[in-house]
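Readers should treat all values here as calculations from the given coordinates under stated rules, not as data from a laboratory. Bear in mind the structure is a predicted one, so any value in this text is a computation, not a measurement. Neighbour counts are summed over all protein chains in view; Cβ atoms, including those assigned to glycine, are modelled from backbone coordinates with ideal geometry.
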Amino acid sequence: MRLVSFCLAALLALTSFAPAAPAAPPVQTSQDKGMHEDARYGFKFRTPKGYTRIPLQLDEQWQVAKYLSERAYFYTDPDGGWTYDHKPTATVIAFVSEKVREEAKARKKKDEKDTDRYVILISNPYKDYLDYMKKTYSGGGWFVSDEKKTKIDDVEITQYEIKVEKLTRDGPKRVICWVYHTPEVDFAFSWEVLENSFPKVKDTIYDALKSFKLIPRTESGLPTASTGETKIMLDDTEKMTPEQRKTRRVQLEQSLHGKAKSSVAPGWQVLQIGRFLVLNHTDEKYARRVAEHAEAIMAWLDQAFPFIGPEEYVRAPILRICKDQDEESAFRTGGGSEYYFFGDNRIEIVISQDNEGFVTGWAVERINRQLLQLWFFERDRDLAVAMPYWLTHGLSQVIGTARNKAGKVEFRVDDWERDGIRERLRDGTFTHVKDLMKMGSEEYMSSAEDFFGRAKEAGGLVRFFVTGPASKNAKTKDVLREYLKNLKATIVEIKEADKAKEKDGKKAPATEKEEEERFKASSQRWKQREKELLDSAFERSFHGWSQKEWDAFEATYLKAVS
Amino acid sequence: MMRRSLAALFCIVVLAAFAHADFLCLKDGRIVEGHKLARAPGGVKVTFTNGEVLVPDALISDVLIEGEALAPPQTEEEKAQVSKGMVRFEGKWISPKSRDDLLRKRVEKRVKDLEVFKAHSEWRNRYQEKTKNFEFEHTLPPEVFENYRDLMEAYFAQFLKDWKIQAPKGLGRLKVCLYSDYGDMIQTGGAGGGVLGYFRFIPPLELNFFHERLDTAFTEEVMFHETNHYLQKLIDMDFRMPHFPGESLAEYYGASKWDPVKKKLTTGLILEGRLVEVQDDIAGGTMMDLKRMISSERMYEHYTWGWSLVHFLMNDKRYAAKFQKFIIALPTAKDIKREVNSQNLKAIEQSEVASAFMRYLDVKDDAALKVMEGEWHAYIKEKLTLVTTRGKEEAAKSAAQSGRPLKAKRLMKEAIAAGSTNPMTFHRYADLLARDGKHAEAMDLWKKAIALDPLVGEFYWHMGRSILAAKGDKDEGERLKKLAKEVDPDGSYYDIDIEAAAAGEGDG
């Protein structure tokens, strides 16, 4: 495989501006007598039998209905012999016409303009169904194998047959999509099935496609703003006071919670458990247990690190619990953002009931890690971003094993971590504590083997500080907290120094020689900055420790982890 | 064959009275339809809603213009024959009816050919062709494809000869999928963004790459690289070549040149794109540690610094044979530890690769490896230089992207002075000048870029932006931006509008 190196301008990561996309109002739909009706967009179709309605993501702007088959079909790779399962999906995607979008855009141009607000308008990211497929489909390499135009009940329809053949994740697939063209909206009703199961599923597909009808739009106007345009407003939250930030976050939280409640899919339960808004599609007992556990994790974080952003408001997350992994995967697909990104427009944690037990299951571990990330980013974004790998991985490892027991958080042993450390000790590849804590990212990630090996070591080290002997020793019990404070102090100093430099101004280089020198300095800056952070936080935290003390510390640590 | 019929049809200019939609086929496979076409000096004029664009003859493979008129009679003889009601057609004077019947048949055939030509741009109607060692599937114009076909066969034979490899019996043909652009390869080939081509090393074996019409030399590099993975596999079909030296060797062969006249393949040239990346690392203060490179898994630098290492070793008499022996030994030699991976292929851990590298190249210890590292670094600095205009263009592009506009502008200027015909070089230079506020100079360069390839929307878009930034004719600026969308409806760069920057139009 030939690769090209490219640097993405990580706009959001590099600025302290936080996106504040206003949440589009949810689309009201109903599902009665086997029909799916959407009065806002004005369409209906016969709900396929044996299919479950999948909720839409809160920031979804294109999909307007989604269904997942309850039955899985199978494909066995003739070369490798592996068998994969796949559940057919049906999705309706709405493309608002250029004319309607232009009118909506003209109205929105009158938007307010604040000094500290940047507005990025991404209009029409998807031109039509094929463009949408091109930019969002991840099930393998595909091409249009057939395309026909027809007319049903005076509605122009383009019928696409798409074959997914190369680098497919779970076998060759077929996509059948009919695009219903109306003056204001094109509705693409798209089905994805395994190629070998198509003969078995085709009647269901074509029945549903033929049942698709336009109905009068009886609810609030066509949601033009949310289907033709993405508007991201970046507020300079750094210039705000904690109180202003709190007001802003509370508003966003209310808006997102409101949207989540009003767009809940049939069969889903809405529960308010503590600070968590729970959208549940599994048994209520499990949902309550998970939410109470999550509440305990948040309380533990508040109590363990009270000095981090004490005045900052942490928004109450939305916890969505899907029935199973397939439902979760179907929920995640679409044109919106995906996975573990928390932003102003996303405070939702999505898991699925994995039926592997509350204590040992992967679902709870994932919740814990997402809560850790959300908590740190809400309390102190700079600190969250600047944490060295050993600390990020270590905290993530430790929190992953936390379980609520009668309102108290207990930490379990992580076999993967413990056995990995032992193996590295045996192999002679173990990283000494001091080296690990001062290690830059390049060295930390020098190979996949080292990366995972060091993640295990980081877990072992942070666990040693949080629950191991170091947490009970007078000299070391506060080391982790002190390290975080010192890291923060270093960040503040660096930022102040940067601001001072900015005031001095920066002239453009006049010669190529100056330009090259600046390029060299800039290329090294990131590494230097990282080194500065690591060295300073380390020196401040372990100032005055003798080699003898280090030896004793490491001996106790090794005894604890091996 | 399609190529011959299209070439012959291009000579026909008389299409009066046969109504068909206008249709323009470019040599690189692009098609313009749905817009009014007219012949103009030097090419064909395309009328868009927001302006006219002249496509030069040099880019055109074929054109069909609805109701194109006959040329008026010029000579006395012509006038006399015309007065008798005769018309001259292909050197003969014939009746209008005979001419019309003949033309009708030809136009009908021609329309059919053009429809076939257009249909082949869809993967479902792709061309399929078998050669001695390959089974091609592609959507390129046949004359563009033929070059790659011949190249790959020549390359196959040469590599096996150079490395004394015997192709396994019953090997069959390798399927090669060649796409007409990058987007098609990502979509149909299923590769992720950033991938320029790929070789599927588990059955069914398959090679995928695309034709970059603005930089065909680049396409050849990718083709040589990906094909080399296949050729490496021929050493032992059950072996998974490690990332180093696999990718580095593939890059070494990426810099090959095929002389279609002499039918000669030259390998091991300077891979200027990768050299630029290495030179940028050096300028940024980074020198690659040899031990780290040969013992690290899946490093990006295996493509860049790795290429330079292979170039150094293959061009040093002390190392060339040893290095080749090392490569051949990896799949089978008894002194190298292998394990079977999850794909049922023999594989080697990178640490074992590093040990084998040192053994086979007689590098006794880390100190000796440091000596070799010094020689390699010196070789890069002293022997590897950019030699072609394209090399300068690559370096200029990289300098512009990494915040070194002075260097970028100098190199672009040199490339243009050396005769560059790459419209992107003119465009990139114009863009940098516009950022300096030199809008008039920028405009001249964009006009030259458009003269070289008038169907790149990006050029019009940036011209429009430049006019608006210079507080010039607002209507003209807006018109050009709209024209960009018409010329290249698939472009996405114009869909992002940063309002805060829009106040000053950004460039200033």
Where only alpha carbons of the range B:272-383 are counted, the Rg and the Dmax (Å):
14.6, 44
For the range B:204-220, what does the Karplus curve 6.51 cos²θ - 1.76 cosθ + 1.60, with θ = phi - 60°, yield as ³J(HN,Hα) per residue in whole Hz, taken in order and with x for Gly and Pro?
x, 4, 7, 10, 10, 8, 10, 9, 9, 5, 7, 7, 5, 5, 5, 4, 5
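Over all distinct alpha-carbon pairs, what is the Kirkwood Rh of the range A:328-472 in angstrom?
Taking every pair of different Cα atoms in the range A:328-472, averaging 1/r and inverting gives 16.8 Å.
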For the range A:520-557 and the range A:290-333, write down the distance between their C-alpha centroids in whole Å.
32
I'd like the orientation of helix B:272-283 relative to chain B: the angle between its Cα long axis and the longest Cα principal axis, in ° from 0 to 90, rounded to 10.
60
Through the Karplus equation 6.51 cos²θ - 1.76 cosθ + 1.60, θ set to phi - 60°, convert the phi angles of the range A:240-251 into ³J(HN,Hα) values in whole Hz; use x for Gly and Pro.
7, 7, x, 5, 5, 5, 4, 4, 4, 5, 4, 4
Label the range B:125-234 by shape, choosing from rounded, prolate and oblate, from the square roots a ≥ b ≥ c of the eigenvalues of the Cα gyration tensor; if a/c is under 1.5 it is rounded, and otherwise prolate applies when a/b is larger than b/c, oblate when it is not.
prolate
So what is the diffusion coefficient of the protein assembly as shown in µm² per second by Stokes-Einstein at 20 °C and 1.002 mPa s, using a Kirkwood Rh over Cα pairs?
64
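Let me confirm one metric for peptide A:134-143, namely the mean number of other chain beta-carbon atoms within 10 Å of its residues' beta-carbons.
Numbers: counts 5, 2, 0, 2, 2, 1, 3, 11, 5, 9.
The shielding value for this peptide is 4.
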Does the range B:395-500 come out rounded, prolate or oblate by the C-alpha gyration tensor, with a ≥ b ≥ c the root eigenvalues, rounded set by a/c under 1.5 and, if not, prolate when a/b is larger than b/c and oblate if not?
prolate
The relative contact order of chain B, taking Cα pairs under 8 Å that sit 6 or more residues apart, comes to a percentage of 10
If I take every Cα pair under 8 Å that is 6 or more residues apart in the range B:395-500, average their sequence separation and divide by the length, what percent do I get for the relative contact order?
18
Let me know the whole percent of all Cα-Cα pairs from the range A:279-331 that are separated by more than 19 Å.
43
How far is helix B:301-314 tilted, in degrees, relative to the longest principal axis of the Cα atoms in chain B, given as a value from 0 to 90 rounded to the nearest 10?
70
Cα-Cα over 21 Å: which of B:Lys438/B:Lys474; A:Lys246/A:Lys485; A:Lys501/B:Lys397; B:Lys164/B:Lys264; A:Lys44/A:Lys135; A:Lys163/A:Lys202?
A:Lys246/A:Lys485; A:Lys501/B:Lys397; A:Lys44/A:Lys135
For A:Lys127, which sequence-distant residues (separation of 5 or more, or a different chain) have an amide H within less than 5 Å of its own amide H, given hydrogens modelled in the peptide plane?
A:Tyr132
What ranking do B:420-426, B:201-207, A:76-82, B:252-258 get when scored by the average of other Cβ atoms within 10 Å per residue, highest first?
B:252-258, B:420-426, B:201-207, A:76-82
Specify the angular offset, from 0 to 90 degrees and rounded to the nearest 10, of the alpha carbon long axis of helix B:457-469 from the longest principal axis of the alpha carbons in chain B.
80
Using only the C-alpha atoms of the range B:182-281, find the volume of their convex hull and express it per residue in Å³.
134
Can you return the aspartates and glutamates within cross-link range of A:Lys513? Criterion is Cα-Cα under 17 Å, with same-chain partners fewer than 8 residues away left out.
B:Asp280, B:Asp281
When Cβ neighbours within 10 Å are restricted to other protein chains, what is their mean count per residue of peptide B:187-197?
6
When every alpha-carbon pair in chain B is counted, what percent end up more than 41 Å apart?
34
Under 14 Å, Cβ to Cβ, from B:Ile348 - net charge with Lys/Arg +1 and Asp/Glu -1:
-1
Give, as a single signed number, the net charge of other residues whose beta carbon lies under 14 Å from the beta carbon of A:Asp324, with Lys and Arg counted +1 and Asp and Glu -1.
-3
